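Participant: Before I ask anything, let me first share the structure, which is written out below as structure tokens.
The values are calculated or read from the model by the stated rules, or taken from the named source; none is laboratory data. This one's a predicted model, so the numbers in the text were calculated from it and none came from an experiment. Heads up, the Cβs are rebuilt from the backbone with ideal geometry, glycines too, and the neighbour counts pull from every protein chain shown.
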Amino acid sequence: MSTRIPVGPQHPALIEPEHLDVKVDGETITDVDVHLGYIHRGIEGLMQKKNYQQNVYIAERICGICSGVHTSTYSEGVESLLGLEVPKRAKYIRTIILELERLHSHYLWLGLVAYEIGLDTAFQISWRDREIVLDLLEKITGNRINYAMNTIGGVRRGITKEMQKETLQGIDALWEKTKYYKEVFLKDSIVRARTKNVGVLKKRDAERYSVAGPIVRASSVDFDVRTTNYAAYADVKWKPIVRHGCDINSRLDVRIEEVFEALNIIRQCIENMPEGPLKTIVPPVVPKGETIMRTEAPRGELFYYIRSNGTAMPERVKIRPPTYANLLALKPMLIGSELADLPVIVASIDPCFSCAERVGVIKEGTNKKEIFDGRRLRMMKDAP
Amino acid sequence: MDTSKLGKLSKEGRDFRIYSTPLKSFERALIELLHSGIERISTISGVDTGKQIDVLYHFVNGNESITLKIVLPRKDAKIKTIKKSFPGAVLYERELSEMLGVTVIGNESPKNLFLDKESPKCPLRKSL
């Protein structure tokens, strides 16, 4: 006999809303259905009503973790519509910010996985070390998140010699700490027991469902969009990390190795940073046309399609963030798994949604719960 | 790959190509992609130009993005699902019908993927 268990939308496995309708037979998951939309903010529609420059700020606010990659992708897309060549120094700075962002996203994820398998110390240590990256980002850009570094035509700030030195010191410290994580996450018998052969996504399924990012690379598929050589990736030595275990342990391995790669890329960009302007002159009118821009966000392929009709505002900006592509992988990963492994499997795709949209109020003195939906809240706002 | 089967090349960029594919040869173009070993789909974009609806299927071939652009009428826009050949497209097709009111034959769903029940219907249509 099968039982239905609703998981979420209140923070299943992580502090973001999604709803999983899980069917179980005993302890084994037999089917799962994912419900989304708790935080849909209509950003694509909004972008059609703002000009190209304003949209940089909207793109920045799509995601709190990977805000830099959204503005990079959007800006590079508009630059390709304009036929602009960005100064080399700006490309290097963009690459540094993108890789610092990958670092803090991966540290955050390592902490989440540790937390889900009950290793609270590893969770705290990895989030403590993530602060090193966030401090560097704050010193370079002025903000821990939403860095506001990118603009159409280049970047808004440079990286001073002192900051370059400080970043190199931070990288050296993180290199040592990541070596320790590698020991803990890949060799510890408890972590291995909770992650080996858990949440298996076979290579064939990963290919068929068009899954992206570290998940697909942990399933033997060599797919990393950085090979398309956007930003300054053509100028640095790096290699995509591919593993063959297809399970959560492989995803840990991929992400930890990617941390080393990111540290290497940042070091090369700082050591070979060219001199020159930060930004090029941007023509006032974006000509009619369309473009596609793809980048490798920390969670996988980020896709932008931008169409211009020659006016001040884009005709269409279509955005496909990586979690949207990776959701389909949940089904093959969860079916056949133990219910107790559900949190760590859901966390293993590193899902990224955003804030909630409804308000529930329990009236004082009674136990009656009232749900205030969007329409009622609007009515309350308009009432005298 | 025989690119003539994909349609007329309408735009080429650093790492992407966009082909204008007539609706009647859409299936032939998909078969050509599958025969060339392409099964990764990035997403599906829909654009309401005010005169027509452009549906763009973005596939990935190595380092390159290959896009097939199909033009549909604004009134009674219909297209067949591709989810059997490209299972990764299942959510993108649902988003397309939710945001632009394009009927995807074979992938209709009574439930919305993103929008609330009381949200305006087809918010990316020009009339809004």
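Participant: If you scan the range A:115-136, which residues turn out to be out of contact with any His (no Cβ under 7 Å at 6 or more places or on another chain), closer than 22 Å to A:Cys63 by Cβ, at pLDDT 90 or above and not polar (S, T, N, Q)?
Facilitator: Result: A:Phe123, A:Trp127, A:Asp129, A:Glu131, A:Ile132, A:Asp135, A:Leu136.
Residue-wise test of (1) over 20 Å from A:Ala206 (Cβ atoms); (2) at pLDDT below 90; (3) of a type outside the set (A, V, I, L, M); (4) more than 14 Å from the chain's Cα centre (by Cα).
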residue: B:Phe26; (1), (2), (3), (4): yes, no, yes, no
residue: B:Ser36; (1), (2), (3), (4): no, no, yes, yes
residue: B:Ser42; (1), (2), (3), (4): no, no, yes, no
residue: B:Leu56; (1), (2), (3), (4): yes, no, no, no
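Listed here are the residues, each with its yes/no results for (1) in contact with a Phe, Trp or Tyr (Cβ under 6 Å, 6 or more places away or on another chain); (2) of a type in the set (A, V, I, L, M); (3) not in a strand (DSSP E or B).
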| site | (1), (2), (3) |
| --- | --- |
| B:Ser10 | no, no, no |
| B:Thr43 | yes, no, no |
| B:Leu56 | no, yes, no |
| B:Ser65 | yes, no, no |
| B:Leu68 | yes, yes, no |
| B:Val71 | no, yes, no |
| B:Ala89 | no, yes, yes |
| B:Met99 | no, yes, yes |
| B:Ser109 | no, no, yes |
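To keep it simple, each residue is scored yes or no on (1) modelled with pLDDT of 90 or more; (2) over 23 Å from A:Gly111 (Cβ atoms); (3) within 14 Å of another protein chain (Cβ to nearest Cβ).
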residue	(1), (2), (3)
A:Arg194	no, no, no
A:Leu201	yes, no, yes
A:Ala212	yes, no, yes
A:Arg226	yes, yes, yes
A:Asn229	no, yes, yes
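Participant: A further question follows. Go through the residues of the range B:77-86 one by one and say whether even a single one is more than 14 Å from chain A (Cβ to nearest Cβ) and not in a strand (DSSP E or B).
Facilitator: yes
Participant: Among all residue pairs at least 6 apart or on different chains, which show Cβ distances below 9 Å where the first residue, located in the range B:1-21, is within 11 Å of another protein chain (Cβ to nearest Cβ) and the second is part of a loop (DSSP other than H, G, I, E, B)?
Facilitator: B:Arg14/A:Asn229; B:Arg14/A:Tyr230; B:Asp15/A:Asn229; B:Asp15/A:Tyr230; B:Asp15/B:Asn63
Participant: For the range B:22-44, which positions are away from chain A (no Cβ under 14 Å), among the aliphatic types (A, V, I, L, M) and surrounded by fewer than 17 Cβ atoms within 10 Å (Cβ to Cβ)?
Facilitator: Across the range B:22-44, the qualifying residues are B:Leu23, B:Ile31.
Participant: Could I ask something else about it? Determine whether A:Arg217 is within 14 Å of chain B (Cβ to nearest Cβ) and either touching a helix residue (DSSP H, G or I) at 6+ places or on another chain (Cβ under 9 Å) or farther than 24 Å from A:Lys196 by Cβ (or both).
Facilitator: yes
Participant: Also: Listed residues A:Lys161, A:Lys177; which is modelled with pLDDT under 95, surrounded by fewer than 19 Cβ atoms within 10 Å (Cβ to Cβ) and more than 19 Å from A:Asn264 (Cβ to Cβ)?
Facilitator: Every option except A:Lys161 fails the conditions.
Participant: Here is a further query. For A:Glu290, are the conditions met, namely being closer than 24 Å to A:Tyr92 by Cα and within 12 Å of chain B (Cβ to nearest Cβ)?
Facilitator: Here the answer is no, as A:Glu290 does not meet what is asked.
Participant: Among (1) within 11 Å of chain A (Cβ to nearest Cβ); (2) over 14 Å from the mean Cα position of the chain (by Cα), there is one condition B:Leu96 misses while meeting the rest; what is its number?
Facilitator: Looking at each condition in turn, B:Leu96 falls short on (2).
Participant: Let me ask something else about it. Here are some residues: A:Val34, A:Val22, A:Val56. Which one is more than 13 Å from chain B (Cβ to nearest Cβ), farther than 30 Å from A:Asn309 by Cα and in contact with a strand residue (DSSP E or B) (Cβ under 9 Å, 6 or more places away or on another chain)?
Facilitator: Every option except A:Val22 fails the conditions.
Participant: Can I ask one more? Testing A:Gly199 on (1) touching an Asp or Glu at 6+ places or on another chain (Cβ under 7 Å); (2) of a type outside the set (A, V, I, L, M, F, W, C); (3) within 24 Å of A:Val133 (Cα to Cα), one condition comes back false. Which one is that?
Facilitator: Only one criterion is unmet by A:Gly199, namely (3).
Participant: Are any of the residues in the range B:80-98 surrounded by fewer than 20 Cβ atoms within 10 Å (Cβ to Cβ), without any contact (Cβ under 8 Å) to a residue 60 or more places away in the chain and over 30 Å from A:Val221 (Cα atoms)?
Facilitator: No, the range B:80-98 contains no residue that is surrounded by fewer than 20 Cβ atoms within 10 Å (Cβ to Cβ), without any contact (Cβ under 8 Å) to a residue 60 or more places away in the chain and over 30 Å from A:Val221 (Cα atoms).
Participant: Pairs only if they're at least six apart or on different chains, beta carbon under 7 angstrom, first in the range B:36-55 and aliphatic (A, V, I, L, M), second assigned to a loop (DSSP other than H, G, I, E, B); list them, first residue then second.
Facilitator: Close Cβ pairs (under 7 Å, with a partner that is assigned to a loop (DSSP other than H, G, I, E, B)) amount to B:Ile41/A:Ser210; B:Ile41/B:Phe86; B:Ile53/B:Arg74; B:Ile53/B:Ala77; B:Ile53/B:Val102; B:Val55/B:Val102.
Participant: I've got another one for you. So which residues in the range A:188-237 are assigned to a loop (DSSP other than H, G, I, E, B) and surrounded by fewer than 17 Cβ atoms within 10 Å (Cβ to Cβ)?
Facilitator: A:Asp188, A:Lys196, A:Asn197, A:Lys202, A:Asp222, A:Asn229, A:Ala234, A:Asp235, A:Lys237
Participant: Cβ-Cβ distance below 7 Å, separation of 6 or more or different chains: which pairs start in the range A:282-310 with a residue that is more than 24 Å from A:Ala329 (Cβ to Cβ) and end on one that is charged (D, E, K, R) and part of a loop (DSSP other than H, G, I, E, B)?
Facilitator: Correct list of pairs: A:Ser308/A:Lys288; A:Asn309/A:Lys288; A:Gly310/A:Lys288.
Participant: Turning to a different aspect of this structure: Under 9 Å by Cβ, and 6 or more places apart or on different chains, what pairs join a residue from the range B:107-127 that is at negative phi with one that is among the acidic types (Asp, Glu) and part of a loop (DSSP other than H, G, I, E, B)?
Facilitator: B:Asp116/A:Glu357; B:Asp116/A:Asp373; B:Glu118/A:Asp373
Participant: Also, I was wondering about something else. Being without any contact (Cβ under 8 Å) to a residue 60 or more places away in the chain and touching a Pro at 6+ places or on another chain (Cβ under 6 Å) narrows it down to one of A:Arg204, A:Arg208, so name that one.
Facilitator: Answer to the selection: A:Arg208.
Participant: Taking the conditions exactly as written (within 13 Å of chain B (Cβ to nearest Cβ) and either of a type in the set (D, E, K, R) or surrounded by 13 or more Cβ atoms within 10 Å (Cβ to Cβ) (or both)), does A:Phe185 satisfy them or not?
Facilitator: Taking the combined requirement at face value, the residue does not satisfy it.
Participant: Taking into account only those residues within the range A:59-78 that are surrounded by fewer than 21 Cβ atoms within 10 Å (Cβ to Cβ) and not hydrophobic (A, V, I, L, M, F, W, C), which is farthest from A:His106 (Cα to Cα)?
Facilitator: Among those that are surrounded by fewer than 21 Cβ atoms within 10 Å (Cβ to Cβ) and not hydrophobic (A, V, I, L, M, F, W, C), it is A:Arg61.
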